[in-house]
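Notes to accompany the following structure.
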Amino acid sequence: MNNAGLPVDQVFLDANVLFSAAYRMDTPLRKLFTLPKVMLVTSAYALEEAKRNLASGQQRAELERLCKSVEVVSVLPPQGESPDLAKLPENDRPILWAAITVRATHLLSGDFKAFGRFYGQTIQGVAIMPPAEYLKGHRG
């Protein structure tokens with residue numbers, strides 16, 4: 001809940017969502033950055049991955065501009081084994097772990113290969129879905 005007591009979605013953005021929003025000015029993903037009652041969060045790990053994959057300085061600058069409305073967190077790796085994380089490729093585990101750690105309500109990822117089998121599921125309080133599904137269901 002925010003200061004006014006209104007429910008707020010805390011939406012964790014995977015690197016591919018950040019990348020796509022910065023890569024294409026006309027993508028519907030840009031709507032995420034202007035939705036009311038939504039707090040956007042990502043990790044330093046995801047942000048760095050998105051930056052690394054953007055080809056032009058203009059795209060990286062656009063990513064930085066977009067991320068002014070995103071809380072960027074640093075998250076320590078999990079201690080011990082987690083069965084939920086073990087189901088993911090190693091390089092995607094920090095994404096889910098960060099979303100769980102910050103108590104995100106949603107994890108948005110367009111990475112069907114890694115997260116597709118989890119779409120529609122809630123893992124440790126985090127609903128995992130593709131960004132288009134979240135946008136379609138969000139009525140502001």
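The values are calculated or read from the model by the stated rules, or taken from the named source; none is laboratory data. Everything numeric here is computed off the predicted structure, so don't read it as measured data. Counting neighbours? That spans all protein chains shown, and the Cβs are built from the backbone with ideal geometry, glycine included.
Residues in the stretch 33-57 that are of a type in the set (A, V, I, L, M) and either surrounded by 12 or more Cβ atoms within 10 Å (Cβ to Cβ) or under 14 Å from the mean Cα position of the chain (by Cα) (or both): L35, V38, M39, L40, V41, A44, A46, L47, A50, L54.
For the stretch 58-135, the helices (runs of 4 or more DSSP H) that sit wholly inside it and include 2 or more residues that are surrounded by 18 or more Cβ atoms within 10 Å (Cβ to Cβ) are 93-101, 112-115. Based on this model, can you work out whether T27 counts as among the hydroxyl-bearing types (S, T, Y) and buried (at least 17 other Cβ atoms within 10 Å of the Cβ)? No, not satisfied.
Looking at the stretch 10-67, which of its residues are hydroxyl-bearing (S, T, Y) and more than 15 Å from A132 (Cβ to Cβ)? Correct list: Y23, T34, T42, S43, Y45, S56. Checking L47, L35, L40, L76 one by one, the residue that is at pLDDT below 95 and closer than 24 Å to P94 by Cα is L76 and no other.
Among the residues here, S69 qualifies as under 27 Å from Q124 (Cα atoms), in contact (Cβ under 8 Å) with a residue 24 or more places away in the chain and of a type in the set (S, T, Y). Within the stretch 5-24, residues that are over 15 Å from C67 (Cβ atoms) and modelled with pLDDT of 95 or more have Cβ atoms under 6 Å from residues that are surrounded by 15 or more Cβ atoms within 10 Å (Cβ to Cβ) and of a type in the set (G, A, S) in these pairs: Q10/A104, counting only partners at least 6 apart in sequence or on another chain.
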